[in-house]
Structure formats: C-alpha cells, structure tokens
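The values are calculated or read from the model by the stated rules, or taken from the named source; none is laboratory data. Note that this is a predicted model, so its numbers are computed, not measured. Glycine also receives a Cβ, built like all others from the backbone with ideal geometry; neighbour counts cover every protein chain displayed. All accessible areas refer to the heavy atoms of the entire protein, side chains included, with ligands and DNA or RNA removed. Shrake-Rupley method; radii C 1.70, N 1.55, O 1.52, S 1.80 Å.
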Amino acid sequence: MTNWDAKVSEFKKKIECILPGKQWEEPYDTSHLPPKQSDVVIVGGGILGLSVAFWLKKLENRRGAIRVLVVEQDHTYSRASSTGPSVGGIWQQFSVPENVQLSLFSINFLRNINEYLAVVDAPLVDLRFNPSGCLLLASEKDAATLENNVKMQRQEGAKVCLMSPEQLQNKFPWINTEGVALASYGMEDEGWFDAWSLLQGLRRKVQSMGVLLYQGEVTSFITSSSQMQTPSGEQVVLRRINKVHVKMDKSLEYQPVECAAVINAAGPWSGQIAELAGIGKGLPGTLQGTKLPVEPRKRYVHLWHCPQGPGLETPLVADISGVYFRREGLGSNYLGGYSPTEEEEPDPTNLEVDHDFFQNKVWPHLVQRVPSFKTLKVQRAWAGYYDYNTFDQNGVVGPHPLVVNMYFATGFSGRGLQHAPGIGRAVAEMVLDGQFNTIDMSPFLFTRFYLGEKLQEYNIL
C-alpha cells in the first residue's frame, strides 16, 4: 500500500464513523503511544541512558539522522541511588586505568556543562560543583596498593598526592590518624556535584535534540536467529532484536517498536532485561549460558548535623572501614554512607531505611575517624539501588557477542553517575562506528564474564 493509499484509507474510516446509521465511534487515538519504529531504543532513562541518547544525537552525521526512543519506568527516579539522594562524588583515584580516563573525560564535560547541555531560551545548568577534593585512607595492609594506584593515576594525568599520617594530621587536624598508614588526596578536579541537576539538564537537552522519552516498561523482545560455527567448532546461535514491546505506564496497552539497536541501561534491573533477550539461557559454562551478573543492591545515604564537625575545606573522605562522608552546604550538615561487606548487605527487596544500620555500622567508624562527630544528630536517611556487578564491581559496556544488537551501559556499582558522560560517548561510538574511539573500553566488554577474566576495581564507595 502506498503512503497515499494509507492516508485515503484512514480518511475513509473517519468519514464512515460519522455517517448516518453508523454507530458513533471515536477514532482510536494512538498519540500517547511510542512510535512504531525507532533506530535505537534505550531501556532506562536515568543518567546513563540519557547520556547515551545525548551522544548518539551529538555524534550523528546530520541532524535528525537517528531516531532515538528512551523508555523509563520511574519518571520520579525514586529508586535510583545515583540520582536524587546521592553523594554525587567525582574522583580519579581508581585502580583501573580506564576508570581514571573516564573520570578525566567526565570532569571536563561537567566543568563545561553548558557548552554541551545549554538549550536556547532555557536557564543554564548549574551543577553546584564543589572542588574540595577526595581523600582516601589506607591501612598498612593496603598502603602498597594505594601507592601503586597513585603512580598509575599520575601517569594517566590525574593530580593526586600521597600523604603520610603526619601530613594528614597537619592538613586536616580533625582526623584521628590511628590505623592509617597512607592517604591519597586529589588536588584538582575532584569533589562533588548535584546529580539531580545533571539528570534534568540531560533530559531537557535530549528532548530539544529530538529524542522521545516515554514512561513505560519493556516487557519482551521479538528476535530472529541464525546459526554460526566458532573457530573452535562450537555451534552458536546469533540473535538480533527486531522489535521491543513497550507496556505503557498504568495501562494494559503496549506498543511494539521496530528497531535496529537496543541499549540496556536499565541499571539495577539490567540483568532482567538481558534475560528477556535470552541472555544467560543456555547451558552453564557456555557463552549462551553466561548471565549478565548485575543485580539491585540497596544503599543508604544519611544526612546528619554536627556544629562541631570538620570545616568548609573538608574533602569527600573514604575511610579504611568503608565509611565515607562529605559536607552538604554551609550549615554544618554532612552526607555519608557505608560500603557493606557481602555479609552485611541490606535486604534489597524494599527501600525501607533500617535506622539501626547507621547506629551499628556507620556511627562507630565515623566517630573513630572524626572524634567531633560524637555529637552528631541524624536528620534524614533514604535508600536507593546500585546496579551492582557481582562478578568484579566494574561496568559492562558495548555489544553482547550473541545478541548482536543489544549494547550494555550498566553494572558500574555506584560509579555510573560520575562516569556517565564518558560511558555514554563510548556506547554511542560503538553503535555508530563499531569501535571505541575516545577511550578504549574493551576491558569492559561482556565476554570477560564467559572467560572468567575479572577487571577488579578496589576503590568503590
């Protein structure tokens, strides 16, 4: 049927329903549904998904060349730990070189945010970046690792210095250095920023670029498959996603969307989205049977008040114990949390706050490190989810080897926020050019789960 025939047919239907003798029928309105076709469907409209959308449009070879649809279940972002209620830290002090490169790329993006995200006739984005630095403390056991990390970070271009307990005490007299053998301190381009402002700035910008945002849930994929033999003689099935089924919010309606590529940026739920595409549904030990090892992990953020606490020069501090904190504003308030051990993981089935967690796991470590926190008063606490990679706590970036048009941007275990600009660009480059151009993210590919090659990151908050 030609385009003209389709228009005539549609017009006839509208005329028929208002002819005498015909029962009045409102023509069915589909304007609230997503389009039937989109070049790219992004599952997840958090900061990572929106960053991929931004870079796809920024790097397209002509305006309007790529149609991008973003599907997000929760437009309030109430369950995301890396957005609304977030410590919002950015630092270069990592043990994996690519994570340092991502931080350096991201800080440049954030410092020049309005060169990227400004929209005509709209207010400028204000990230309220606080460049107070980050301070990592190490015990005797971890001192050599910290020293090696700093050496690598400097080679990558980060401005980080090492501090002895004496230097630490001189610079930050409020710290009790007991148990600290060495510290590393970011002297430039480290601190924290307002994650909510970045999220809203990205949403506004991508919409101005023509990206469509819909509230709904991806419930299934329609795929086609073909057989292939690997060099080792193993038979594998290659799959391609042809359609994404999007169920509309608070409705039984759904829309099948034809697409060329799917980005899995569903954060804590990206493992479930991968399963919908058949990933991990093969024999254990095979590539087809290898799951995406990303699951929701619950994390608390606490806000406390302490007039006697550390002053305005306080950096974001990461203690040996797993406790971390920073100042919040000018009124003697502090934000912080705790990275629990596997045995201490809170129950992820709900987002209720266990107030005993602060009393038992956070407060004792805080007071040990900063004695003036003894008089602190907790004002608020909330919980959100990390997209926790149980394999090696590092991100998954790029295409799946068998579901060839599903690309990942997930599993960053709490670092997705600060690295989002760099991750978004890397995924967009892979979709558009078939390779990473800016930062080589090949160590982050899915295949490492099958090969059992961990890309272990030790500096996780």
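Among the trypsin sites (Lys or Arg not before Pro) found in region 221-253, those both in a DSSP coil and sparsely packed, with 12 or fewer other Cβ atoms within 10 Å of their Cβ, are 250. Label-to-label distance for residue 167 and residue 305 is 3.8 nm, based on points extended 7 Å past Cα in the beta-carbon direction. Label-to-label distance, residue 30 versus residue 380, with points set 7 angstrom from Cα along the beta-carbon direction: 4.3 nm. Taking only the C-alpha atoms of the chain, Rg followed by Dmax gives 24.5, 93 Å. The dipole here belongs to region 89-214: it is taken about the Cα centre, uses +1 on the Cβ of Lys and Arg and -1 on the Cβ of Asp and Glu, and is about 300 debye. The fraction of accessible area contributed by carbon and sulfur in region 121-244 is 47 percent, rounded to a whole number (1.4 Å probe; ligands and nucleic acids excluded). Fully extending the segment from residue 435 to residue 159 would add 96.4 nm, taking 0.36 nm per residue of separation and subtracting the current Cα-Cα distance. Spacing of the modelled spin labels on residue 260 and residue 451, each 7 Å from Cα toward Cβ, amounts to 2.9 nm. Within region 390-461, the trypsin sites (Lys or Arg not before Pro) that combine a DSSP coil assignment with at most 16 other C-beta atoms in a 10 angstrom radius are 454. Relative to the current alpha-carbon distance between residue 404 and residue 139, full extension at 0.36 nm per residue lengthens the span by 90.9 nm. Heavy atoms of the protein chains alone define the surface here; on that basis the chain has 46 Å² accessible area per residue at 1.4 Å probe size. Applying 1/(1 + (r/R0)^6) with R0 = 35 Å to the Cβ-Cβ distance of residue 230 and residue 61 gives a FRET efficiency near 0.55. Per residue, the convex hull spanned by the Cα atoms of region 193-329 measures out at 233 cubic angstrom.
Pairs exceeding a 28 Å alpha-carbon distance, out of 58/151; 243/281; 57/247; 141/291; 298/374; 36/205: 58/151; 141/291. Residue 442 sits among other residues whose Cβ lies under 11 Å from its own Cβ, and their net charge, with Lys and Arg +1 and Asp and Glu -1, is -1.
Once the Cβ-Cβ distance of residue 355 and residue 39 is raised to the sixth power relative to R0 = 60 Å, the FRET efficiency obtained is 0.80. When the solvent-accessible area of region 392-459 is split by element, carbon and sulfur atoms take up 45 percent of it, the probe being 1.4 Å.
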